[in-house]
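**Student:** Could you have a look at this structure, given as structure tokens, before my questions?
None of the figures in this text is laboratory data; all of them are computed from the coordinates on show. Fair warning: this is a prediction, and the values are worked out from it, not measured in the lab. Glycine also receives a Cβ, built like all others from the backbone with ideal geometry; neighbour counts cover every protein chain displayed.
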Amino acid sequence: MFIIIIFTETLVSFITYLPLLVLTQWSLARISTRHNDTAAKWHITGVYMFCFFLIAMLSVTGIPSISSLKLHGSINAIPFAAITGNAIQYLQNFLLFIPFGVLLPLLWSRFASFSRTLLVGFLFSLAIECIQLFSYRAADIDDLMMNTLGAIAGYGLFRGLHRSFPNFVQACRRKDQRSAPSHWLMEYEAYVYIGVVWFGMFVVRGILSAGFMWWFGW
């Protein structure tokens, strides 16, 4: 039941932010085309999957929107303090970041390096924990560790995929990452989409929520 609820919430959010994602993809495509760089269909499909999983990750972790910021969070800096009574959450946090660890190096060759994927996975999880300080949730060292381990496991799956299906991995990447260099912005395409999803979840969701409450007089 929990999975169905999260999937439904993620799907609704994804559809809500889809115009923003399409506009971003179209803008990047316009820029890259001028530099003789095109994205393969597998890459574009993968990017939307990446954004879908980002939304799922942010939905599960319960980050606040701009309209619901409140400094009521707490910090748990003691590792594995609650593992005996809440083992399922540890597993959930681990599984949550596996798609991140797979898709990041699959779609962008700059993250084929283990250290880069590890760093971005760690920083993304850290950003989530920090923003939770402005909600009624807790910034938890356990969440940070399990999220990072999930990203590492995802990277391991990517390496296996790369060894078994190298042509598929190449097909999922941008043309410029297989031949000539393109516009510098394409090198940071992953960060652009991460930023767009954060903007949607943090700002757009807050504006829509406030507008909805105003409209119905809540």
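**Student:** Please say if region 1-112 is rounded, prolate or oblate, where rounded means a/c under 1.5 for a ≥ b ≥ c the square roots of the C-alpha gyration tensor eigenvalues, and otherwise the choice is prolate for a/b larger than b/c and oblate otherwise?
**Tutor:** Details: a/c = 2.26, a/b = 1.81, b/c = 1.25.
Since a/c reaches 1.5 and a/b is larger than b/c, the shape of region 1-112 is classed as prolate.
**Student:** Sticking with this structure for a sec: Arranged from highest to lowest average of other beta-carbon atoms within 10 Å per residue, in what order do the peptides 127-139, 15-27 appear? Could you put the intermediate results ahead of the total?
**Tutor:** Working: 127-139: 17.8, 15-27: 14.2.
The densest-packed peptide leads the list: 127-139, 15-27.
**Student:** Turning to a different aspect of this structure: Want the number for ILE207 to LEU69: 0.36 nm per residue separation, take away the alpha-carbon distance, what's left? Each step should come with its number before you reach the end.
**Tutor:** Numbers: separation 138, 0.36 × 138 = 49.68 nm, distance 1.26 nm.
Result for the pair: 48.4 nm of gain on full extension.
**Student:** Right, next: Sort region 49-88 into rounded, prolate or oblate with this rule: let a ≥ b ≥ c be the square roots of the eigenvalues of the Cα gyration tensor; rounded if a/c is under 1.5, and if a/c is not under 1.5, prolate when a/b is larger than b/c, oblate otherwise.
**Tutor:** oblate
**Student:** Which residue, chosen from TYR136, THR33, PHE53, occupies the Cα position most advanced towards the positive end of the dipole of the chain, where the dipole is computed from +1 (Lys, Arg) and -1 (Asp, Glu) charges on Cβ about the Cα centre?
**Tutor:** With unit charges placed on the Cβ atoms, the residue in question is THR33.
**Student:** When every alpha-carbon pair in region 108-164 is counted, what percent end up more than 20 Å apart? Don't skip to the answer; put the middle values down first.
**Tutor:** Details: 515 of 1596 pairs.
The answer is 32 percent, as a whole percent.
**Student:** Moving on. Extending each Cα 7 Å along its Cβ direction at LEU11 and GLN89, get the distance between those two points in nm, one decimal.
**Tutor:** Inter-label distance under the simple model: 2.8 nm.
**Student:** Then there is this: Shape verdict for the chain, please, from the Cα gyration tensor: rounded (a/c under 1.5), prolate (a/b greater than b/c) or oblate. Spell out each step's value before the answer.
**Tutor:** Working: a/c = 2.14, a/b = 1.29, b/c = 1.66.
Taking the square roots of the gyration eigenvalues as a ≥ b ≥ c, the chain is oblate.
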